[in-house]
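The values are calculated or read from the model by the stated rules, or taken from the named source; none is laboratory data. Quick caveat, the model's predicted, so the values are computed rather than measured. Cβ placement follows ideal geometry from the backbone for every residue including glycine, while neighbour counts extend to all protein chains displayed. Keep in mind that these areas ignore ligands, DNA and RNA; they rest on the heavy atoms of the full protein, side chains included. Shrake-Rupley method; radii C 1.70, N 1.55, O 1.52, S 1.80 Å.
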Amino acid sequence: MGKRIYLNAFDMNTVGHQSPGLWSHPEDQSERYRDLDYWVELARLLEKGKFDGIFLADVLGFYDVHNGSKNAAVEQAVQAPANDPLLLISAMANATEHLGFGLTYSLTYEQPYMLARRFSTLDHLTKGRIAWNIVSSYLESAAKNFGLEGQIPHDKRYDIADEFLDVTYKLWEGSWEDDAVVRDKERKVYTDPSKVHDINHEGEFFKVPGAHLCEPSPQRTPVLYQAGASPRGREFAAKHAECVFTAGPTANIVKKGVADLRERTKNHGRNPEDVIVYTVFTPIVGKTEEEAQKKYEEIKSYVSYEGALALLSGWTGIDFSGYDPDQTLEYIESNAIQSAVEVFTKADPNHKWTVRELATFVGIGGRGPVAVGSPEQIADQLEYWVEETGVDGFNLAYTLAPGSFEDFVELVIPILQERGLVQTDYEEGTYREKLYGKGQNHLKESHPGFAYKNLYQQVKGV
Ligand SMILES: Cc1cc2nc3c(=O)[nH]c(=O)nc-3n(C[C@H](O)[C@H](O)[C@H](O)COP(=O)(O)O)c2cc1C
């Protein structure tokens, strides 16, 4: 058996997600995002295919950089309209037993005290199957609607994020002792108050004097996802993340990013292999290669060029409307996703991307590769990417929802299972146990959040 490949379905509570224009394809049902049954059916399908998790992305504003307007994004449904992903999870969890839920929540527009409570609640309700995709947001339009003049500068967002995480670790790990809750009906004591500690946090950005409002949940700290890819972003990921997401057009580019991340992880005193790295990948599978190619050609004809530019402009912070389609992209410092500019400029000096090429590439599945082929060919490609780049798994983007996931579960999963590359059944237990092994409900000792475990208890004992 080769190395186990981890699989996440990559989705968002919106229309079309990573493939602008494809919502208009007759087979696409992503407009059913408004319908809870749609999500419940999807969760059941993914669990049938033994996916590790569903990763729900989120943004808090319109993609309005292109042409200085939100019109293209609104018209072409470029990650808009977008509903809140959190509210889908209870229903999906109730319909499944093992699937993990990766929920994106931006910390830039949230207080740590509130966010910690949301995730503890979800960890209880999912029986320990929740993960937090830590983002600090990249859209100017979001910042303005949360009352800011504009976005907080790129690297400062990560400084704030560092302190935010410290506060949440204190709440999740340090505030309630393991045996604080006794639920003793005879003595009429639910919780021993001497075992619930105020965290007394007073930092540069946050002040949280009190105790966590929730009792300890199965995982305490949710599984931590992160996708920062700029140097500062990778530093943050190397320190905090248990699962890291990356996206790049070629194996060589992704490989460099993975090696850099693992090196940084080591520098933080963590085992580089403790970080599970996923890259974005979009499969278009047919029963035969010809069928897949036909599907691909058809899918391509539904991609929206304007929509793809709107998406790309939002990610990079660059307005492409003034560019000639044959003009090449050069590196520009940006306050949005710096790595989105970098992978298409600096990362491969031998390849200059024209705007047209970029839009065509991004139009299907965003910033990751598209693989077209028979089930065996797709399985070969996944194996190749793992071997070539050092990633541990994939965030599989869809072209048509839920058809892409149905095809994958029906056609590709059995082959991957036969090759011993993906799980044929789930481990029991929490999401963290399913990723790291039995008994691993909580953060590993080498993780910075672990230091907060029993912190206040020790202080009291001094
Ligand atoms: C696979 C993947 C998924 C992402 N999902 C989100 C998301 O849902 N919401 C968000 O605001 N940012 C998302 N991002 C962006 C990153 O979290 C991060 O903000 C971005 O890469 C900017 O950081 P950087 O400049 O350090 O790369 C995602 C990135 C990747 C690679």
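Remarks
- Anisotropy class of the range 23-171 from Cα gyration tensor, a/c 1.5 cut: oblate
- Cα centre as origin, Lys/Arg/Asp/Glu Cβ charges: the chain dipole, Debye: 1180 debye
- Helical content of the chain, expressed as a calculated mean residue ellipticity at 222 nm, amounts to -10500 deg cm²/dmol (DSSP H runs of 4 or more residues, -39,500 (n - 2.57) each, divided by residue number, nearest 500).
- Positive minus negative residues near T250 (Lys, Arg vs Asp, Glu; Cβ under 12 Å): +1
- On Cα atoms only, tilt of 112-125 relative to the major axis of the chain in degrees: 90 degrees
- Percent breakdown of C-alpha pair distances by 5 Å bin, ordered from the shortest bin, for the range 348-407: 4, 14, 19, 25, 20, 14, 4, 1
- Of K188/K444; K170/K266; K127/K453; K188/K434; K127/K207; K70/K295, pairs whose Cα-Cα distance is over 28 Å: K188/K444; K188/K434; K127/K207; K70/K295
- Ordering 357-369, 177-189 by mean Cβ neighbour count within 10 Å, with the highest value first, yields 357-369, 177-189.
- Cα-based shape type of the range 171-227, given that a ≥ b ≥ c are square roots of the gyration tensor eigenvalues and the cut on a/c is 1.5: oblate
- ³J(HN,Hα) computed for each position of the range 372-379 - Karplus, 6.51 cos²θ - 1.76 cosθ + 1.60, integer Hz, glycine/proline x: 10, x, 6, x, 5, 5, 5, 4
- Peptides 434-445, 390-401, 22-33 ranked from most to least packed, by the mean per-residue count of other Cβ atoms within 10 Å: 390-401, 22-33, 434-445.
- Carbon and sulfur %, accessible surface of the range 310-462 computed with the full protein complex present, 1.4 Å: 47 percent
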